[in-house]
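Colleague: One structure, pasted below without further comment.
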Amino acid sequence: MILKPFLEANRIEAGCDEVGRGCLAGPVMAAAVILPVDYSNQWINDSKKLGKRQREDLIEEIKGKALAWQVAEASVEEIDRINILNASFLAMSRAVQGLRISPEHLLIDGNRWRSTLTIPHTCVIKGDGLYASIAAASILAKVYRDQFMERMAEEFPHYGWERNAGYPTKTHRSGIETHGPCIWHRKSFRLMKEVIQLEF
């Protein structure tokens, strides 16, 4: 299925999405992408519906065909200070501000958006499966974040980040239990599942 090229014709729209909200470690990353109004690619889709190789193959396509694109992040320290939702908004705002073309409208994946930016916006639930620009943003953010966590896994090999990208898998939690958290773990998150002791 080919995703929609725009919400409204004859205006510059930037699709925005973030990746990493549910992770226990690492920054949250976001991307903003402005595609040509006549752009069409049957493989562009929600990054979660694509395999790792597919996402990586699409990166150069997106960067080459987009009128403008940018990837940005909010750090672990910012996540712990302002909470993950606000950090996600911050990362997306930074991505938009980094675009070399100023968009006239933002297409935001999800149902909420808060920013100091004054650009008009539309929130689109499951937008990364509806609009090509949001899907392209989700792919960029996902690949950049996965690659970042793979690099961090070389320095901190106990958590399996090269496979789980910081999400709360059994391997990740086992690594935290055995070796403790590291500088990339989010202190405001519950890193270990609570153990419930039953008295008989």
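Quick note: the coordinates plus some simple rules give every number you see, no bench work behind them. Since the structure is predicted, the reported quantities are computational estimates derived from the model, not experimental observations. Neighbour counts run over all protein chains shown; Cβ positions are idealised from the backbone, glycine included.
Colleague: Among the GluC sites (Glu not before Pro) within segment 100-154, which fall in a DSSP loop and have no more than 14 other Cβ atoms within 10 Å of their own Cβ? Don't skip to the answer; put the middle values down first.
Modeller: Working: sites: Glu104, Glu150, Glu154; in loops: Glu104.
Those satisfying the criteria are Glu104.
Colleague: Can you give me the long-range amide H partners of Gln70? Hydrogens built in the peptide plane at 1.01 Å from N, cutoff under 5 Å, separation of 5 or more residues or another chain.
Modeller: Excluding prolines and chain starts, which carry no amide H, the hits are Ala32.
Colleague: Further question: Once you keep just the Cα pairs under 8 angstrom separated by 6 or more residues, what percentage relative contact order results for segment 8-69? Don't skip to the end; give the middle numbers.
Modeller: Working: 50 pairs, mean separation 20.7, N = 62.
Dividing the mean separation by the residue count of segment 8-69 yields 33 percent.
Colleague: In whole Å, what is the distance between the alpha-carbon centres of segment 1-23 and segment 133-162?
Modeller: Here the two parts' Cα centres lie 20 Å apart.
Colleague: Label segment 101-200 by shape, choosing from rounded, prolate and oblate, from the square roots a ≥ b ≥ c of the eigenvalues of the Cα gyration tensor; if a/c is under 1.5 it is rounded, and otherwise prolate applies when a/b is larger than b/c, oblate when it is not.
Modeller: Values: a/c = 2.73, a/b = 1.85, b/c = 1.47.
Prolate is the answer for segment 101-200, as a/c is 1.5 or above and a/b outweighs b/c.
Colleague: Related question: Could you calculate the contour length gain from Lys52 to Gln97, that is, 0.36 nm times the residue separation minus the distance between their Cα atoms, to one decimal place in nm?
Modeller: Details: separation 45, 0.36 × 45 = 16.20 nm, distance 2.78 nm.
Gain on stretching Lys52 to Gln97: 13.4 nm.
Colleague: With angles folded into 0 to 90 degrees, how steeply does helix 52-65 sit against the dominant principal axis of the chain? Use alpha carbons for both and round to 10.
Modeller: 30 degrees
Colleague: If you wrap a convex hull around the alpha carbons of segment 1-85, what volume per residue comes out, as a whole number of Å³?
Modeller: Values: hull volume 10.1 nm³, N = 85.
Taking only Cα atoms, segment 1-85 has a hull volume of 119 Å³ per residue.
Colleague: Same structure, new question: Just to be sure I understand: of the beta bridges DSSP finds with both ends in segment 13-142, what percent are antiparallel, rounded to 5?
Modeller: On the way: 12 of 20 bridges.
Counting DSSP beta bridges with both partners in segment 13-142, the antiparallel share is about 60 percent.
Colleague: A follow-up question, please. Summing Lys, Arg as +1 and Asp, Glu as -1, what charge do residues with Cβ under 9 Å from the Cβ of Ala137 carry, Ala137 excluded? Spell out each step's value before the answer.
Modeller: Numbers: positive: none; negative: Asp17, Glu18, Asp109, Asp128.
Computed value for this residue: -4.
Colleague: Helix-derived [θ] at 222 nm for the chain: sum -39500 (n - 2.57) over DSSP H runs of at least 4, divide by residue count, nearest 500?
Modeller: On the way: 6 runs with 73 residues, N = 200.
The helix-only estimate for the chain comes to -11500 deg cm²/dmol at 222 nm.
Colleague: A follow-up question, please. With an 8 Å Cα cut-off and a minimum separation of 6 or more residues, compute the relative contact order for the chain in percent.
Modeller: Details: 404 pairs, mean separation 60.1, N = 200.
That works out to 30 percent.
Colleague: Regarding segment 80-126, what is the average projected area of its C-alpha convex hull, in nm²? Spell out each step's value before the answer.
Modeller: Working: hull surface 14.1 nm².
Reported value for the Cα convex hull: 3.5 nm².
Colleague: If you don't mind, there's one more thing I want to ask. Among Ile59, Phe148, Ile134, flag the residue with its Cα farthest along the positive direction of the charge dipole of the chain, charges on Cβ as +1 for Lys/Arg and -1 for Asp/Glu.
Modeller: Going by the charge dipole, the pick is Ile134.
Colleague: Follow-up question, since we're still on this one. Measure nothing but the geometry: give the 0 to 90° angle between the long axis through the Cα atoms of 170-179 and the longest principal axis through the Cα atoms of the chain, rounded to 10°.
Modeller: Around 50 degrees separate the two axes.
Colleague: Let me ask something else. Residue-wise, which Karplus ³J(HN,Hα) couplings in Hz belong to segment 154-166, taking 6.51 cos²θ - 1.76 cosθ + 1.60, θ = phi - 60°, and x for glycine or proline?
Modeller: 5, 8, 10, x, 7, 10, x, 4, 5, 10, 9, 6, x
Colleague: Oh, and also: When all C-alpha to C-alpha distances in segment 13-142 are sorted into bins of 5 Å, what percent of pairs does each bin hold, rounded to whole numbers?
Modeller: 2, 12, 23, 26, 20, 12, 4, 1, 0
Colleague: Read phi for every residue in segment 120-135 and hand back ³J(HN,Hα) as whole Hz from Karplus 6.51 cos²θ - 1.76 cosθ + 1.60, θ = phi - 60°, with x for Gly and Pro.
Modeller: Values, residue by residue: x, 9, 9, 8, 10, 5, 6, x, 6, x, 10, 10, 4, 5, 5, 4 Hz.
Colleague: Right, next: Do you know the Lys pair count in the chain for C-alpha distances under 22 Å, with sequence separation 8 or more or different chains?
Modeller: The result is 26.
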